[in-house]
1. Show me the strands (runs of 3 or more DSSP E) found entirely inside region 1-102 where at least 1 residues are aliphatic (A, V, I, L, M) and surrounded by fewer than 20 Cβ atoms within 10 Å (Cβ to Cβ).
2. Filter region 112-149 down to the residues that are without any contact (Cβ under 8 Å) to a residue 60 or more places away in the chain and surrounded by fewer than 15 Cβ atoms within 10 Å (Cβ to Cβ) and list them by number.
3. Given the condition more than 15 Å from the ligand (Cβ to nearest atom) and among the basic types (Lys, Arg), answer yes or no: does some residue in region 46-56 qualify?
4. Check whether at least one residue in region 21-31 is among the aliphatic types (A, V, I, L, M), touching a strand residue (DSSP E or B) at 6+ places or on another chain (Cβ under 9 Å), under 19 Å from Glu169 (Cα atoms) and touching a residue at least 24 places away in the same chain (Cβ under 8 Å), and report yes or no.
5. Is it the case that region 180-189 has a residue that's within 15 Å of the ligand (Cβ to nearest atom), assigned to a helix (DSSP H, G or I) and in contact with a helix residue (DSSP H, G or I) (Cβ under 8 Å, 6 or more places away or on another chain)?
6. Of the residues Phe103, Phe125, which single one is touching a helix residue (DSSP H, G or I) at 6+ places or on another chain (Cβ under 9 Å) and aromatic (Phe, Trp, Tyr)?
7. Report those strands (runs of 3 or more DSSP E) wholly inside region 200-284 carrying at least 2 residues which are free of Cβ contacts under 8 Å to residues at least 60 places away in the same chain.
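The values are calculated or read from the model by the stated rules, or taken from the named source; none is laboratory data. Just so you know, these numbers come straight off a predicted model, no measurement behind them. Here the Cβ positions follow ideal geometry from the backbone for every residue, glycine too, while neighbour counts run over all protein chains shown.
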Amino acid sequence: MITITTPDEMRAWSMSRKSRGRTIGFVPTMGALHDGHLRLVADATQRCDDVVVSIFVNPLQFNVDTDFDAYPRPIDDDVAACASAGVAAVYAPTAAVMYPRGFQTRVVPGALADLMEGPGRPGHFEGVTTVVSKLFGAVGPDVGIFGQKDYQQLRIIARMAADLDTGIEIVGHPIVRDSDGLAQSSRNVRLTPAQRDAAVVVPRSLDAAVAAARSGTPADAVDAARSVVFAEPSARWEYTTVFDADDLTEVTRFGVRSPGRVRIATAVWFDDVRLIDNRDLFED
Ligand code: PAF
């Protein structure tokens, strides 16, 4: 496995692989790799000849400096995990390489970024689309794999990849969960043991919503989810919303109750750690 730190080197590596007829699967990450990331790598391995993982904690997408500073950066462990997972190349540029003096271009997402997480995190998705387009430019993948935990991000990136004629196939990989249901996230390591136990209310709140949605309204589903979170004293509920899986607009009345059409998402805080989760409201 090779570790690459500049876009020129990355592009040269990818072009040499492609000139041999090999396809490239790409898993962009901010590091602190967990089993969820390794499942994305496994998925990419099934689809493509070579897998590239990028590791870059992107300052443009953080709203709060302390969250950026606190973001875990176990780079040696991450590189070792990639090597064991059969990754062909790790792309790990520095912030100075990604955003040198004079950098000023942004990729501005459309309406999908104004909904759900958007209003509470101004500039976040613009930071994501900007960095992902730079990473796409350097890596030149055939397929990009993204986790469904960040469902809005996945939809925005799929839209961007299509709108900008990248020709890159965007794949959404199902959420990987711990045995108690908590969605795997690099932020989970920042929870104290007591908070980690309490955090199970996040997936359980969505389970409650799924049950309520069978015979109730979207508002009933949100109420059911919210009461589960409210019952946990260490949890601070931020939002729960029922939304259209395609255009992300809020769903206030159920039409067809079939899988794949309507999802529910939530954000819950434990002190300064913000966890998000989502799921299909009518999956089998
Ligand atoms: O999902 C993430 O880890 C990040 O938002 C991404 C896609 C790597 C861009 O920095």
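1. On the way: elements: 2-4, 24-29, 50-55, 89-91.
In region 1-102, the matching strands (runs of 3 or more DSSP E) lie at 2-4.
2. Passing the criteria: Asp114, Pro119, Pro122.
3. Checking region 46-56: at least one residue is more than 15 Å from the ligand (Cβ to nearest atom) and among the basic types (Lys, Arg).
4. Scanning region 21-31 turns up at least one residue that is among the aliphatic types (A, V, I, L, M), touching a strand residue (DSSP E or B) at 6+ places or on another chain (Cβ under 9 Å), under 19 Å from Glu169 (Cα atoms) and touching a residue at least 24 places away in the same chain (Cβ under 8 Å).
5. yes
6. Phe125
7. On the way: elements: 236-244, 262-270, 273-280.
Hits in region 200-284: 236-244, 262-270.
Let's see how each residue does on (1) at pLDDT below 95; (2) basic (Lys, Arg); (3) farther than 12 Å from Ala92 by Cα; (4) in contact with a helix residue (DSSP H, G or I) (Cβ under 9 Å, 6 or more places away or on another chain):
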{"site": "Arg39", "(1), (2), (3), (4)": "no, yes, yes, no"}
{"site": "Val52", "(1), (2), (3), (4)": "no, no, no, yes"}
{"site": "Asn58", "(1), (2), (3), (4)": "no, no, no, yes"}
{"site": "Tyr71", "(1), (2), (3), (4)": "yes, no, yes, yes"}
